[in-house]
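Structure first, then comments.
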Amino acid sequence: MIQILNMSMIYPNGKGVFDINFNVQEGEVFGFLGPNGAGKTTTIRQLLGFTNATKGKCIIDGMDTRLEAYKIQKVLGYLPGEIAFFDNMTGNEFLTFMEEMRGNNCHRKEELIEYFELETENKIRKMSKGMKQKLGLVAAFMHDPKILILDEPTSGLDPLMQRKFIDLINKEKKRNKTILMSSHIFDEVDKTCDRAAIIKEGRIVALDYIPTLKENIRKSFFVTLRSKDDIEIIEKSGLKYILIDENILEIFVEKNFDLFFKTLSKCNVESLDASEQTLEQIFIRYYGSDKI
Ligand SMILES: Nc1ncnc2c1ncn2[C@@H]1O[C@H](COP(=O)(O)OP(=O)(O)OP(=O)(O)O)[C@@H](O)[C@H]1O
Ligand SMILES: [Mg+2]
């Protein structure tokens, strides 16, 4: 349903995205993860046909995004990363404007306004960040498009609204919608997406089903030893670790839990803490920038 084929978009300063390839199947929810400046918005803007790719092309619902951008708008809901709205309009006026542009078939408008508790009377320039984001979401979903492209959809939303957004995506997925969403947050991708790609410095560094991506995430444990002499046991075991203090180690465990526990049983352990897997660690893991 969405295809990106050998697409590069290189800005005059040499930054951008390089040789991006992925497809999103009909009925699939696809996550596009990466840190600030990785190239998510650049890729998404190519999909919208806003700028000319340096190389390659993008196809949505069988149509070339550069040649048939107008026709694609009819089947597509789009939430931009940076919402540059018409600041002087009220929320209501903006939605009516979008509705007219799309030919007045936005039958889900009222339902979505209620769902996201959107206040439509205020001028957009007076809206809070979260309220603007909700307005963007209502505009993206209200014509019930079969394809949705969402650039950081939960940015600025409070936890309750983030939850509601995740529920909405899962409902839309059941209705066979095709959804591509970019995010910094592994957890929301985990709760909604079938597959995800991770982008780093303009290149895709991982692309797989979510359970496979998760399997590859290693865990780490902070181990405090009663005697620093036991470090030798850890060293000899082949476990990967870094020394935090003279008797505190962070040990990285991938699939070698058995080795981990067997080795620790030979040591005099004072305490053991599992560290939370943060998105950062997941990124670091995939980006391979750690030396361990
Ligand atoms: N118009 C532009 N001219 C030159 N460089 C640009 C332009 N737009 C983006 N870039 C650069 O391209 C790279 C990718 O930016 P992009 O906005 O796609 O990142 P992103 O993944 O969306 O980041 P974020 O999470 O912050 O939204 C960055 O290095 C950025 O500085
Ligand atoms: Mg962006």
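The values are calculated or read from the model by the stated rules, or taken from the named source; none is laboratory data. Since this is a predicted model, take the numbers as computed values, not measurements. A quick note on method: Cβ atoms are made from the backbone with ideal geometry, for glycine too, and the neighbour counts reach across all protein chains shown. Ligands, DNA and RNA are stripped out before the accessible areas are found, and what is left, the full protein with its side chains, is counted by its heavy atoms. Shrake-Rupley method; radii C 1.70, N 1.55, O 1.52, S 1.80 Å.
Below, the figures for the structure above:
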item: Fraction of the pair-distance distribution of segment 21-155 above 26 Å, Cα-Cα pairs, percent; result: 24 percent
item: Tilt relative to the chain, helix 159-174 - C-alpha long axis, 0 to 90 degrees, to 10; result: 70 degrees
item: Overall Cα dimensions of segment 156-197 - principal axes, largest extent first, Å; result: 27, 22, 13
item: Evaluated over the chain, the Cα radius of gyration and Dmax, each in Å; result: 23.0, 75
item: Rounded D (µm²/s) - segment 61-117, Kirkwood Rh over Cα pairs, Stokes-Einstein at 25 °C, 0.890 mPa s; result: 186 µm²/s
item: Nonlocal amide H pairs with Gly34, under 5 Å, H built at 1.01 Å; result: Ser183, Ile199
item: Of the GluC sites (Glu not before Pro) in segment 1-81, those whose Cβ has at most 14 other Cβ within 10 Å and which sit in DSSP loop; result: Glu26
item: Helix-only [θ]222 nm of the chain, DSSP H runs n ≥ 4, -39500 (n - 2.57) each, per residue, nearest 500; result: -9500 deg cm²/dmol
item: Per residue value of the accessible surface for the chain (all protein chains in place, 1.4 Å probe), Å²; result: 50 Å²
item: Whichever aspartates and glutamates have a C-alpha closer than 13 Å to that of Lys123, once near sequence neighbours (fewer than 8 apart) are set aside; result: Asp87, Glu93
item: Subset of Lys109/Lys134; Lys214/Lys255; Lys71/Lys132; Lys228/Lys262; Lys15/Lys40 violating a 20 Å alpha-carbon distance limit; result: Lys71/Lys132
item: Of all accessible heavy-atom area on segment 151-261, the percent that carbon and sulfur account for (1.4 Å); result: 51 percent
item: Cβ-Cβ FRET estimate between Asp144 and Lys57, R0 fixed at 35 Å, reported to 0.05; result: 0.80
item: Mean shadow area of segment 219-276 over all directions, Cα convex hull, nm²; result: 3.4 nm²
item: Length gained when the stretch Asn105-Leu243 is fully extended (0.36 nm per residue, less Cα-Cα span); result: 43.5 nm
item: With every protein chain in place, segment 21-136: carbon and sulfur % of accessible area (1.4 Å); result: 48 percent
item: Spin-label pair Lys174/Glu235, simplified geometry with 7 Å Cα→Cβ offset, distance in nm; result: 5.8 nm
